[in-house]
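Asks: Pasting a structure here, questions to come.
The values are calculated or read from the model by the stated rules, or taken from the named source; none is laboratory data. Since this is a predicted model, take the numbers as computed values, not measurements. Don't worry about glycine lacking a Cβ; one is built from the backbone with ideal geometry, like all the others, and counts go over all protein chains shown.
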Amino acid sequence: MNKKIQINTAYLYILPAFLIMGGIIVYPVIELIIGSFMTVTGGKEVFAALRNYRLAFKDPLLWTALQNNLKLFLCVPVMTVLSLVIAVILFNRIAGWRFYRSIIFLPFILAIPVVGIIFTYILQMNGVLNTTLRNLGLDMLAIDWLGSPTLALPSVGAVIIWKQLGFGVVLFLARLMSIDISLYEAAEVDGATWLQKFFQVTVPQAAAVIEFYVIISLIDMLSWVFSFIFVMTAGGPGNRTTVLEFLIYKKSFGGGDFNIAMAISAVVLVMATILIIIHQSLLGRREEMSE
Amino acid sequence: MNTRNQSFISKLLSQILMIIMTFSIIMPLYFMFTNSFKERHQYVRDALSLPSPFTLQNYIEAFRGKNFVEWFKNSIILTFCSAAVTMVIALLAAYAFAKLHFKGKRLLFRFIIPLMSVPPVAMIIPQFRMIKTLGMVNTLQSVIIIYTGIMLPMTIYMFRNFLIDIPDSLLEAARIDGCSRFMTLIKIVAPLSVPVIITSSVVNIVWVWNELLIALVFLQKESLRTLIVGITLFRGRFTLNVPVILAGLGIVSIPMIIVYIFAQKHLVEGLLAGSVKG
């Protein structure tokens, strides 16, 4: 009797959370998938099979956006290597490491629009960067960084790295601090150099965290860069920085076809899910290996 | 001697790299803050020097800007309410997952983890339709619920991992003293959970304060905008007066910089706790 009451109250505790998560996350995802196969004719939503996907993939803009997301993926190796190097330096307890750690994490707490607007002023044709370059006599390097078709996306990528780098550093540093010191001592006894210790102890020991970081950073580049683009370039010049998220935003809230936008969103969702599955299976294999 | 030289060189290189990094991080912030205290003509002439004369005029003007005070108020309401509602609901759920017994507990808990990684852009159109059907577009409540829903999975996950380490003997002692399940949560579990509550709230506060997409889509009325959305759109109208915009950006950033100074440890811990999932 007592047990029965206990079961009932336990469900009451999780009920509010599941109602809200169901309404805000699960229901929209299901709606999205259904909606991506529907179309509106005569004010009514009817089944349209693959119409939206066909139209979406026929649009060259989708391919441009997809390409731009994939180009942003190139930020990930840069961020991973840089944050690992910085984490190792801080881990060696160089003078001022705590100060450096606080500084590198600072951009992470600033809002993306704030960062984006500051960099827009710094990078524009007559911005601080170009003025400085001109003063140094490097006039030919003074370019409209965000307005140039070839440089706009790399410039946005650099700003993303500037903003996000701290997270990787803090993540890797935390992992390094939990590595068994005796592993390093053993390597030292064997006469390993700094570089050998890095590749033979640090990297293998931190492999799981590195994998995790790479995967979530890829997901970020796929589905978390809207604000940077919205603030800095609005997709321009000439769609050179239009990413999938921005395309979806434009199609859905700029007077486009909701259902096609949903089909594109579903593509993003599938890509993110594939990344998560890859991560999970890597984790699973690692666990098997350690067993 | 050789190894000592080597270690000196590696230390020197490390310091050089760290100084370059510090410089490249500080520079944009220096740009924002110094120019926000300059008169406009000085900004145009020289954007790198220190303000002379030093002026607070840009801040005054930013605050005088249309609706700026209202935006500030909206941001505070949204941040405070979303973080508080999330905390209460997550604590209830985490308590059940950590300390109560019910069928399907493991399965339901594992179901929460993938919810953390759903791209926001994949949810926004259906969310918008739903909120529209409910007649709740342009209400702060709708955004509070959406923020809560998005923050819940991570918050529950963190709370549960913390609560599971509270010794059962403490809870049993409370029961023997005649505390009900709920009173045990209020009197024993909640006070013990203060560290994780602070940690996750700091993470949530920073996230809500800085959020753009949802606030942009769901709060389209000028008087309901958040500070972040307001400042992002406001830039278009005052493009020429950069110092005023920089002052606005300063106002947006200062609360979070204060949070960072006082709660850096919590913030970092919170972000790390969420990242060991899987």
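Asks: Hey, among A:Leu165, A:Leu146, which residue is in a loop (DSSP other than H, G, I, E, B), under 30 Å from the mean Cα position of the chain (by Cα) and of a type in the set (A, V, I, L, M)? Give the derivation first.
Replies: Values: A:Leu165 fails: in a loop (DSSP other than H, G, I, E, B).
From the options A:Leu165, A:Leu146, the qualifying one is A:Leu146.
Asks: Of the conditions (1) more than 8 Å from chain A (Cβ to nearest Cβ); (2) in a helix (DSSP H, G or I), B:Ile166 fails just one. Which one is it?
Replies: (2)
Asks: Taking helices (runs of 4 or more DSSP H) that do not extend beyond region B:184-254, which have at least 2 residues that are surrounded by fewer than 20 Cβ atoms within 10 Å (Cβ to Cβ)?
Replies: Numbers: elements: B:194-210, B:213-218, B:227-237.
By residue number, B:194-210, B:227-237.
Results for (1) in contact with a helix residue (DSSP H, G or I) (Cβ under 9 Å, 6 or more places away or on another chain); (2) modelled with pLDDT of 90 or more, shown as yes or no for each residue.
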{"site": "B:Lys187", "(1), (2)": "yes, no"}
{"site": "B:Ser193", "(1), (2)": "yes, yes"}
{"site": "B:Glu211", "(1), (2)": "yes, yes"}
{"site": "B:Lys221", "(1), (2)": "no, yes"}
{"site": "B:Ile231", "(1), (2)": "yes, no"}
{"site": "B:Ala247", "(1), (2)": "yes, yes"}
{"site": "B:Ile258", "(1), (2)": "no, yes"}
{"site": "B:Lys277", "(1), (2)": "yes, no"}
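Asks: Has region A:134-155 got at least one residue that is surrounded by fewer than 17 Cβ atoms within 10 Å (Cβ to Cβ), away from every other protein chain (no Cβ under 13 Å), small (Gly, Ala, Ser) and closer than 16 Å to A:Arg240 by Cβ?
Replies: Yes: one or more hits.
Asks: Tell me which residues, restricted to region A:172-194, are farther than 17 Å from A:Ile86 by Cα, within 14 Å of chain B (Cβ to nearest Cβ) and surrounded by 10 or more Cβ atoms within 10 Å (Cβ to Cβ). Explain how you work it out, then say what you get.
Replies: First pass over region A:172-194, keeping only residues farther than 17 Å from A:Ile86 by Cα: A:180-193.
Applying the additional criterion that residues be within 14 Å of chain B (Cβ to nearest Cβ) yields A:188, A:191-193.
Within region A:172-194, A:Glu188, A:Ala192, A:Thr193 meet the criteria.
Asks: Then there is this: From A:Ile86, A:Ile103, which residue is under 24 Å from the mean Cα position of the chain (by Cα) and closer than 24 Å to A:Leu218 by Cα?
Replies: On the way: A:Ile103 fails: closer than 24 Å to A:Leu218 by Cα.
Testing whether each residue is under 24 Å from the mean Cα position of the chain (by Cα) and closer than 24 Å to A:Leu218 by Cα leaves just A:Ile86.
Asks: Could you list, in sequence order, all residues of region A:234-291 that are surrounded by fewer than 23 Cβ atoms within 10 Å (Cβ to Cβ), of a type outside the set (D, E, K, R) and outside any helix (DSSP H, G or I)?
Replies: Matches in region A:234-291: A:Ala234, A:Gly235, A:Gly236, A:Pro237, A:Gly238, A:Asn239, A:Gly254, A:Gly255, A:Gly256.
Asks: List the helices (runs of 4 or more DSSP H) inside region B:12-107, counting only whole elements, that have at least 1 residues being closer than 28 Å to B:Val206 by Cβ and within 12 Å of another protein chain (Cβ to nearest Cβ).
Replies: On the way: elements: B:40-45, B:57-64, B:68-99.
Answer list for region B:12-107: B:68-99.
Asks: Among (1) modelled with pLDDT of 90 or more; (2) within 28 Å of B:Ile124 (Cβ to Cβ); (3) more than 10 Å from chain A (Cβ to nearest Cβ), which single condition is B:Ile254 missing?
Replies: Every condition holds for B:Ile254 apart from (2).
Asks: Hey, another quick one. Do you know which residues across region B:123-138 are out of contact with any Phe, Trp or Tyr (no Cβ under 8 Å at 6 or more places or on another chain) and more than 8 Å from chain A (Cβ to nearest Cβ)?
Replies: Listed by number, the residues that qualify are B:Lys132, B:Thr133, B:Leu134, B:Gly135, B:Met136.
Asks: Of the numbered conditions (1) within 11 Å of chain B (Cβ to nearest Cβ); (2) surrounded by fewer than 18 Cβ atoms within 10 Å (Cβ to Cβ); (3) polar (S, T, N, Q), A:Ser223 fails exactly one; give the number of that condition.
Replies: In the conditions (1) within 11 Å of chain B (Cβ to nearest Cβ); (2) surrounded by fewer than 18 Cβ atoms within 10 Å (Cβ to Cβ); (3) polar (S, T, N, Q), A:Ser223 misses (2) alone.
Asks: Continuing with the same structure: When you scan region A:195-217, how many residues do you find that are in contact with a Leu (Cβ under 7 Å, 6 or more places away or on another chain) and within 11 Å of another protein chain (Cβ to nearest Cβ)?
Replies: Selection size over region A:195-217: 4.
Asks: So which residues in region A:180-231 are more than 30 Å from A:Ile278 (Cβ to Cβ) and not polar (S, T, N, Q), if there are any at all?
Replies: A:Ile181, A:Tyr184, A:Glu185, A:Ala186, A:Ala187, A:Glu188, A:Val189, A:Asp190, A:Gly191, A:Ala192, A:Trp194, A:Val231 - these are the residues of region A:180-231 that are more than 30 Å from A:Ile278 (Cβ to Cβ) and not polar (S, T, N, Q).
Asks: Give B:Pro114, B:Pro120 a once-over and let me know the one that is within 12 Å of chain A (Cβ to nearest Cβ) and under 22 Å from B:Ile228 (Cβ atoms).
Replies: On the way: B:Pro114 fails: under 22 Å from B:Ile228 (Cβ atoms).
The match here is B:Pro120.
Asks: Let me ask another. If A:Phe172 satisfies all but one of (1) of a type outside the set (S, T, N, Q); (2) within 25 Å of A:Pro204 (Cα to Cα); (3) without any contact (Cβ under 8 Å) to a residue 40 or more places away in the chain, what's the number of the condition it fails?
Replies: (3)
Asks: With respect to B:Ile145, is the statement that it is modelled with pLDDT of 90 or more, under 24 Å from B:Pro120 (Cβ atoms) and part of a helix (DSSP H, G or I) true? It would help to see each step written out before you state the result.
Replies: Working: modelled with pLDDT of 90 or more: yes; under 24 Å from B:Pro120 (Cβ atoms): yes; part of a helix (DSSP H, G or I): yes.
Considered against the rule, which asks whether it is modelled with pLDDT of 90 or more, under 24 Å from B:Pro120 (Cβ atoms) and part of a helix (DSSP H, G or I), B:Ile145 comes out as yes.
Asks: Give region B:177-195 a look and list any residue that's among the hydrophobic types (A, V, I, L, M, F, W, C) and closer than 16 Å to B:Lys99 by Cα, or say none. Show your work before the answer.
Replies: Start the filter on region B:177-195 by keeping residues that are among the hydrophobic types (A, V, I, L, M, F, W, C), which leaves B:179, B:182-183, B:185-186, B:188-190, B:192, B:194.
Residues satisfying the conditions are B:Cys179, B:Phe182, B:Met183, B:Leu185, B:Ile186, B:Ile188, B:Val189, B:Ala190, B:Leu192.
Asks: A follow-up question, please. Residues being facing chain B (nearest Cβ under 7 Å) and among the aromatic types (Phe, Trp, Tyr): count how many of those fall in region A:8-23.
Replies: So the answer is 2.
Asks: Out of all the residues in region B:11-54, which are of a type in the set (Gly, Ala, Ser) and modelled with pLDDT under 90? So that I can check it myself, show each step before the final result.
Replies: Going through region B:11-54, the residues of a type in the set (Gly, Ala, Ser) turn out to be B:14, B:24, B:36, B:47, B:49, B:52.
Within region B:11-54, B:Ala47, B:Ser49, B:Ser52 qualify.
Asks: Restricting to region A:24-45, and then to whatever is surrounded by fewer than 17 Cβ atoms within 10 Å (Cβ to Cβ) and assigned to a loop (DSSP other than H, G, I, E, B), can you tell me which residue is farthest from the other protein chains (Cβ to nearest Cβ)?
Replies: A:Gly42
Asks: For region A:91-115, enumerate the residues that are buried (at least 23 other Cβ atoms within 10 Å of the Cβ) and more than 7 Å from every other protein chain (Cβ to nearest Cβ).
Replies: Result: A:Val115, single match.
Asks: So which residues in region B:88-113 are closer than 17 Å to B:Ile188 by Cβ and under 24 Å from the mean Cα position of the chain (by Cα)? Walk me through how you get there before you give the answer.
Replies: Kept after step one, since they are closer than 17 Å to B:Ile188 by Cβ, are these residues of region B:88-113: B:88, B:91-92, B:94-100.
B:Val88, B:Leu91, B:Leu92, B:Ala94, B:Tyr95 - these are the residues of region B:88-113 that are closer than 17 Å to B:Ile188 by Cβ and under 24 Å from the mean Cα position of the chain (by Cα).
Asks: Given B:Ile112, B:Ile164, which one is among the aliphatic types (A, V, I, L, M), in contact (Cβ under 8 Å) with a residue 24 or more places away in the chain and either surrounded by fewer than 15 Cβ atoms within 10 Å (Cβ to Cβ) or touching a strand residue (DSSP E or B) at 6+ places or on another chain (Cβ under 7 Å) (or both)?
Replies: Working: B:Ile112 fails: either surrounded by fewer than 15 Cβ atoms within 10 Å (Cβ to Cβ) or touching a strand residue (DSSP E or B) at 6+ places or on another chain (Cβ under 7 Å) (or both).
From the options B:Ile112, B:Ile164, the qualifying one is B:Ile164.
Asks: For region A:238-253, state whether one or more residues are more than 13 Å from chain B (Cβ to nearest Cβ), touching a residue at least 60 places away in the same chain (Cβ under 8 Å) and out of contact with any helix residue (DSSP H, G or I) (no Cβ under 6 Å at 6 or more places or on another chain). Give the steps one after another, and end with the answer.
Replies: Residues of region A:238-253 more than 13 Å from chain B (Cβ to nearest Cβ): A:238-242.
When the remaining residues are screened for being touching a residue at least 60 places away in the same chain (Cβ under 8 Å), the result is A:238-242.
Those left that are additionally out of contact with any helix residue (DSSP H, G or I) (no Cβ under 6 Å at 6 or more places or on another chain): A:238.
Yes - at least one qualifying residue is present in region A:238-253.
Asks: Criterion first (more than 14 Å from the chain's Cα centre (by Cα) and outside any loop (DSSP other than H, G, I, E, B)) does A:Glu188 satisfy it?
Replies: Values: more than 14 Å from the chain's Cα centre (by Cα): yes; outside any loop (DSSP other than H, G, I, E, B): yes.
Criteria met by A:Glu188.
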